[in-house]
Amino acid sequence: MWVSNFGKFGQTKATGSGLFWPKGSGQSYIFGAGPWFGTIDGTDTLVTIGYGPHGAETEYTPGLKDMSSGDPAAIIYMYPAPWPPPADKYPMAPQVPKSHQDSWCAMNDLDINNHVPGDTRPIGLEVYQTVYAWNLSTTRDIIINGYELKNVSGKKLSDCYFGICTDNDIGNEAGANANDIISGIVKQEFIVDGETLLVDNLGYQWQKTWEPGWKTP
């Protein structure tokens, strides 16, 4: 899975599909994805997008609020190298990895030039992204993205909403090839081995038709 410090994940630099399973198969499941944050500033509704499904846009910039996007420290840190993020520049960054391939980066939405023309202005956010990946047989097919957000606007933000926009494409979803099915589980309880689990907000996708040319379903 491709990651970036511009807000996107699951998309290549050339704006192609960027999440593949099994590894090396070329079988893609996401065309692109990224975090969205919305708030109300007075009477103005503001949204910053990490990925726009209509044109692969992103409104984030690498680094912290007062850091140039060209700063040598405005990169993705990935265990085992380069790791850890420098604590003098990023005191909020993790120093000890939790998975076999932690990655961490910071981004912000303060550059007006990176916002979609005619859309909303910057909110004043720093976003810290951590991605975890493992090589154990029980977890090697799982990637976890974690986000921490900091308000650096200098004002109170109200009615805040955060979510992930995902352009789910199993293989070729263009034109007549579109056959993905997307659903979700909201506030349901499941009992597994006597333990009660609450699934509050889980989205998932599948298709009933085997993707042409794929070796695995």
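The values are calculated or read from the model by the stated rules, or taken from the named source; none is laboratory data. Quick caveat: nothing in here was measured; it's all calculated off a predicted structure. Note: ideal-geometry Cβ built from the backbone for every residue, glycine included; neighbour counts use all protein chains shown. Accessible surface is based on the protein model in full, side chains and every heavy atom, while ligands, DNA and RNA are left aside. Shrake-Rupley method; radii C 1.70, N 1.55, O 1.52, S 1.80 Å.
When the range 140-171 is filtered for residues that are closer than 22 Å to Glu211 by Cβ and in contact (Cβ under 8 Å) with a residue 40 or more places away in the chain, the ones remaining, listed by number, are Asp141, Ile143, Thr166, Asp167, Asn168, Asp169, Ile170, Gly171.
Residue check: is Lys65 basic (Lys, Arg), part of a loop (DSSP other than H, G, I, E, B), at pLDDT 95 or above and more than 19 Å from the chain's Cα centre (by Cα)? So Lys65 passes the test. Just one of the listed residues (Lys23, Lys65, Lys8) is basic (Lys, Arg) and open to solvent by less than 40 Å² (accessible area, probe 1.4 Å), and it is Lys8.
What is the residue count in the range 79-134 for residues that are without any contact (Cβ under 8 Å) to a residue 40 or more places away in the chain, surrounded by 20 or more Cβ atoms within 10 Å (Cβ to Cβ) and part of a strand (DSSP E or B)? So the answer is 1. The combined condition, being at pLDDT 95 or above, out of contact with any Lys or Arg (no Cβ under 8 Å at 6 or more places or on another chain), surrounded by 10 or more Cβ atoms within 10 Å (Cβ to Cβ) and more than 18 Å from Ser25 (Cβ to Cβ), is not fulfilled by Tyr204.
The set of residues in the range 153-197 that are of a type outside the set (Ser, Thr, Tyr), open to solvent by less than 50 Å² (accessible area, probe 1.4 Å), outside any loop (DSSP other than H, G, I, E, B) and within 19 Å of Pro35 (Cα to Cα) comprises Gly163, Cys165, Asp167, Asn168, Gly184. You will find that of Gly194, Gly124, the residue that is at positive phi and touching a Lys or Arg at 6+ places or on another chain (Cβ under 9 Å) is Gly124 and no other.
The residues in the range 29-41 that are among the hydroxyl-bearing types (Ser, Thr, Tyr) and open to solvent by less than 10 Å² (accessible area, probe 1.4 Å) can be counted, and the count is 1.
Is it fair to say Thr43 is of a type outside the set (Gly, Ala, Ser) and without any contact (Cβ under 8 Å) to a residue 24 or more places away in the chain? Judged against the criteria, Thr43 is a match.
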